[in-house]
Structure formats: structure tokens, C-alpha cells
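This report refers to the structure that appears directly beneath it.
The values are calculated or read from the model by the stated rules, or taken from the named source; none is laboratory data. These numbers come from a predicted model, not from an experiment. All Cβ positions, glycine included, derive from the backbone under ideal geometry; neighbour counts span all protein chains shown. Only protein heavy atoms, including side chains, enter the accessible area calculation; ligands, DNA and RNA are left aside. Shrake-Rupley method; radii C 1.70, N 1.55, O 1.52, S 1.80 Å.
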Amino acid sequence: MSNKKLRPRERDSIIQSLKAGVTPKVGIQHIQVGRAKEVEALVSDIDRVAAGGATFRLIIGDYGAGKTFFLSVIRTIALEKKLVTVNADLSPDRRVHASAGQARNLYSELMRNLATRNKPEGNALTSVVEKFVTLARQQSDQSGEPVESVIQSRLASLSDYVGGYDFAKVIEAYWRGYETDDDVMKSNAIRWLRAEFATKTDARQALGVRTIISDASFYDNLKLMSLLVRQAGYSGLIVNLDEMVNLYKLSSTQARTSNYEQILRILNDCLQGGVSYLGFLLGGTPEFLLDPRRGLYSYEALQSRLAENSFAQKAGVIDYSSPSLHLANLTPEELYILLENIRHVYASGDPERYLVPDEALEAFLSHCSNKIGDAYFRTPRNTIKAFADLLAVIDQNETISWRDMIESLDIRHERISDMPELTKEADDDLASFTL
């Protein structure tokens with residue numbers, strides 16, 4: 001645990017996120033603990049992408065087990081290694097395959113959240129394009145070639161890919177706007193790259209291109225974006241998709257199958273060397289993967305590729321090279337360190353300002369264990385939220401004893417295993433996800 005003091009903004013952001021039961025967007029390194037083997041495996045994946053390869057990983061864990069937190073840690077590492085990241089949560093109106101705009105919506109959300117090391121909070125697409133232009137100008141100054149020729153040369157490889165010709169034309173349009181101080185032209189180019197043009201007619205009038213980023217070109221344009229970020233001087237692109245369980249909840253069998261086919265296409269490309277400088281991290285629950293009727297295992301081609309290593313299972317160990325990585329439970333020791341970190345953050349990094357002693361941490365964990373059993377090691381979200389709430393009350397009420405607060409604590413844990421098994425009749429309850 002670091003003794004470095006935290007900035008007030010960083011401290012407040014972390015505490016507010018933990019109290020709401022969500023993953024902090026900044027300062028995550030101050031509370032990260034455990035899962036060293038999993039992190040090591042994903043760092044190897046990041047290095048593989050930066051070296052020109054590709055990766056595909058399913059991050060599997062129960063609700064509240066820390067999937068989003070883990071993905072955020074990996075995202076932070078990727079940014080530090082000079083990769084570009086895009087991230088989004090799937091929802092009823094955001095999917096990897098669709099015909100009514102849901103895949104385009106997902107692409108737009110990914111581009112809005114595009115992040116670099118200098119802009120880790122997102123909205124970095126314009127910065128990436130401008131860096132590409134800046135590098136082209138530098139090359140032009142060194143070689144004596146016109147800037148436009150350098151840009152066309154650097155974008156020539158994109159034409160070999162589906163949609164690459166118009167993608168390159170849009171980047172050239174941004175350059176023209178950049179040179180002529182035409183803010184409208186630059187804005188239209190960024191809008192196109194964010195999939196914000198709804199019709200081809202509008203795109204043709206604004207930029208002179210014949211296509212737009214649509215449901216059908218969702219994945220193809222992610223491949224093009226990975227090439228652009230490389231040309232802009234970054235090491236590669238990591239695509240982070242969370243809440244994949246929303247595909248599992250689709251009541252339409254055809255819709256689920258189409259989305260699973262898209263996942264299969266991505267998996268095959270990544271594992272067979274069909275793409276470069278591109279990685280996919282997908283977060284989902286065990287049911288999303290394992291359910292033989294509605295999950296990925298319902299699609300035979302995916303089941304055969306994602307099945308766990310039988311030798312590792314027999315030996316009682318984890319194969320960290322598997323495409324599907326099941327998050328290990330936090331140990332009691334790791335959870336204790338996590339609470340120490342939260343206490344440290346709450347005190348702004350100053351040990352003199354700790355609100356509770358070590359004894360309180362032990363009593364809190366003992367209470368959790370007695371109250372809800374070992375579930376709090378598997379799904380620590382509610383335990384962490386309760387601890388942050390406890391610190392908040394003690395911080396605001398100096399006369400309150402932490403012992404009395406812990407004794408009155410009531411933590412409710414929701415586990416995926418507690419949910420009733422989905423049946424055919426339950427499909428009606430998922431009608432809101434039908435498209």
C-alpha cells in the first residue's frame with residue numbers, strides 16, 4: 001500500500017464510485033489487489049497486440065465478482081503501454097450484430113469512449129486523428145513530399161480492407177479541413193468516424209463518400225481503426241466490451257445466434273492471425289458462457305473453441321492461456337488488503353487520518369463471513385460498498401462507534417446462482433430485449 005497522498009478530486013471520485021457499487025474511472029491503481037496471474041496473462045496479451053498480433057479473451061465471473069474492475073485495470077495497463085482503448089457496455093440497444101441500428105449504436109459508444117494515455121477518460125478520437133496528421137506533416141518536412149501524398153501513402157494499406165477506401169477518404173477530408181481551418185469539414189469527418197451519419201446521402205453531401213459505418217460494417221471498421229491508431233503512432237487497439245450477458249437475455253433465438261456468429265468471426269480472426277494490432281476483451285457471467293440453451297455454449301462452434309482445458313480441470317489448476325478466463329475468487333487475505341486500500345483512500349493517503357483501526361477491518365470481515373458465508377469472496381461488490389458506507393457514516397458522526405455499526409450491519413448479496421433458472425416461460429419476462 002502506497003503512502004502517497006491522493007488528490008482530493010481523485011479521492012472523491014474513487015469513494016463516490018465505491019459507494020455506488022461501480023468501478024472508479026480514475027485512481028483504480030490505488031485499490032487494485034489480487035488476481036496477479038490473471039493480470040499477468042492479460043499483460044502478455046497486450047504485449048502480443050503491440051507486437052502486431054491479436055488477442056481474444058472472455059472474462060467470466062458472477063455478478064459483482066469484479067469483472068468490470070478487472071477490465072478497467074487491464075485498460076489502464078494498456079494505456080500505459082501506449083495502446084488505444086475503446087470500451088462500452090452492451091445493452092438492449094447496443095449489440096455486436098443487428099439490423100436496426102444497435103450495432104452502429106455500440107460502435108458510436110466505443111468511439112466516444114476512445115481513450116489514450118494522455119486522455120484516459122475518453123473522447124480522444126479527434127486527438128488520434130490530429131496526431132496522425134501531425135506525423136504526416138513531420139514526414140513531409142523530412143522527405144520533401146507534399147503532405148497530401150504522405151497521407152495517401154500512409155493510408156494506402158487501408159484500401160485492402162472492407163470499407164477502407166472511404167475510411168481513408170474521410171481521414172483525407174479531415175486533413176483538408178485542418179489545412180483550410182474548415183471546422184465544419186473536420187467535424188463532419190469525426191462524425192463519420194463516430195458512426196453518427198444515419199444516411200449515405202448525408203455522408204456523400206458532407207464528405208463525398210458513398211458509405212457510412214452501419215450495423216453491417218461494425219467489426220470491419222474496428223479493424224480499420226486499429227490500423228489508423230498504428231499509423232498515428234500508437235501500439236494497437238484494445239476493444240473492451242462489458243455486460244455481454246445482454247446477448248444471453250435476448251429472447252429471440254435468431255438474434256442471439258446472429259450475435260454469437262459475430263463473436264465467432266471475431267474469435268477466429270484473432271486466433272488465426274486474420275487481424276493485427278487488435279485485441280478484444282469481453283466481460284460476461286458464467287451463464288452467458290456455459291448455458292447450453294441460451295449461452296455461447298448453445299453454439300457448437302463456440303463451445304468447441306471456448307471449452308475449458310480438460311487437463312487443467314483434472315489437475316485442479318487454471319489454464320491462463322485459455323480464450324475464456326474465469327476470475328478466481330478473492331482470498332480472505334486479498335479482501336483484507338482491499339479494505340485497507342479503501343481505508344487509505346478515504347483518508348486521502350494519510351495514515352494519521354484513518355477512521356477505523358485494523359481491528360475494525362478484521363471485525364468487519366468476520367461479520368461478513370458469518371452473515372453471508374463465503375459468497376462475499378466471490379462477489380465482493382456489496383461488501384466493498386457496505387464498507388465505504390460504514391466509513392462515510394463514521395466520518396460524518398464522530399460519536400458513533402464502529403463496533404456498534406458493524407453489529408447492526410446487514411449486507412445482502414445477489415448471486416447469479418440465486419437467480420431462478422431461465423425457462424421457456426421466462427422468455428416473456430425478457431421481452432424488452434427482443435428486437
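Taking GluC sites (Glu not before Pro) as exposed when their DSSP state is a loop state and no more than 15 other Cβ atoms lie within 10 Å, the longest site-free interval of the chain runs over 122-307. Evaluating 6.51 cos²θ - 1.76 cosθ + 1.60 at θ = phi - 60° for every residue in region 386-398, the Karplus couplings come out as 5, 5, 5, 5, 4, 4, 5, 5, 5, 4, 8, 9, 5 Hz, glycine and proline recorded as x. The slack between residue 139 and residue 10, meaning 0.36 nm per residue of separation minus the straight C-alpha distance, is 42.5 nm.
Sites listed here are trypsin sites (Lys or Arg not before Pro) in region 272-359 whose DSSP assignment is loop and whose Cβ has at most 16 other Cβ atoms within 10 Å: 293. For helix 332-346, report the angle its Cα long axis makes with the longest principal axis of the Cα atoms of the chain; keep it between 0 and 90° and round to the nearest 10°. That works out to roughly 70 degrees. If the chain linking residue 265 and residue 181 were pulled fully straight, counting 0.36 nm for each residue of separation and taking away their Cα-Cα distance, it would gain 26.1 nm. With axes computed from alpha carbons, what is the tilt in degrees of helix 8-20 against the longest principal axis of the chain, rounded to the nearest 10 within 0 to 90? So the inclination is approximately 70 degrees. The simple spin-label model puts a point 7 Å past each Cα toward its Cβ; for residue 315 and residue 407 those points are separated by 5.1 nm. Computed from backbone phi, the HN-Hα couplings of region 254-261 come to 5, 5, 4, 4, 5, 5, 5, 5 Hz, rounded to whole numbers (Karplus: 6.51 cos²θ - 1.76 cosθ + 1.60, θ = phi - 60°; Gly and Pro given as x).
In the chain, the longest principal axis of the Cα atoms and the axis of helix 67-80 are about 50 degrees apart.
Please figure out what share of the DSSP beta bridges in the chain is antiparallel and state it in percent, rounded to the nearest 5. Let's see the in-between values first.
Numbers: 2 of 23 bridges.
In the chain, DSSP labels about 10 percent of beta bridges as antiparallel.
Evaluate E = 1/(1 + (r/R0)^6) for residue 254 and residue 354, where r is the Cβ-Cβ distance and R0 equals 51 Å; express this FRET efficiency to the nearest 0.05.
Values: r = 56 Å, r/R0 = 1.10.
Calculated value: 0.35.
The label-point distance for residue 130 and residue 293, in a model that sets each label 7 Å from Cα toward Cβ, rounds to 5.4 nm.
Just flag the trypsin sites (Lys or Arg not before Pro) in region 94-161 sitting in loop per DSSP whose Cβ has no more than 12 other Cβ atoms within 10 Å. Write down the numbers at each step before the final one.
Values: sites: 94, 95, 104, 112, 117, 131, 137, 154; in loops: 95, 117.
Here no loop site has a sparse enough neighbourhood.
Restricting the trypsin sites (Lys or Arg not before Pro) of region 171-267 to loop positions (DSSP other than H, G, I, E, B) with no more than 13 neighbouring Cβ atoms within 10 Å leaves 210.
Quick check: residue separation of residue 362 and residue 322 times 0.36 nm, minus the Cα distance between them. What number comes out in nm?
Details: separation 40, 0.36 × 40 = 14.40 nm, distance 3.58 nm.
So the chain would gain 10.8 nm between residue 362 and residue 322.
Ranking request for peptides 212-222, 159-169: highest mean number of other beta-carbon atoms within 10 Å first, then the rest in descending order. Intermediate results must be reported in sequence, preceding the final value.
Details: 212-222: 20.9, 159-169: 18.2.
Most protected by this proxy first, the peptides run 212-222, 159-169.
What is the distance in Å between the Cα centres of region 213-230 and region 259-332? Taking the Cα centre of region 259-332 as reference, the centre of region 213-230 is 23 Å away.
Using a Förster distance of 22 angstrom, determine the FRET efficiency expected from the C-beta separation of residue 204 and residue 149, and round it to 0.05.
Numbers: r = 25 Å, r/R0 = 1.13.
E(calc), rounded to 0.05, equals 0.30.
In this simple spin-label model, placing a label point 7 Å from the Cα along the Cα-to-Cβ direction at both residue 121 and residue 333 gives a separation of 3.8 nm. Overall, the accessible surface of the chain at a probe of 1.4 angstrom is composed of carbon and sulfur to the extent of 46 percent. In this structure, the residue pairs whose Cα-Cα separation is over 20 Å, taken from 169/223; 19/119; 25/186; 169/200; 81/169; 19/82, are 19/119; 25/186; 81/169; 19/82.
When ligands, DNA and RNA are left out and all protein chains stay put, how many square angstrom of accessible area per residue does region 314-406 have with a 1.4 Å probe? Don't jump to the answer; show the numbers that get you there.
Values: 4430 Å² over 93 residues.
For region 314-406, the solvent-accessible area averages 48 Å² per residue.
Rolling a 1.4 angstrom probe over the protein heavy atoms, how many square angstrom per residue are accessible across region 54-138? The answer is 34 Å² per residue.
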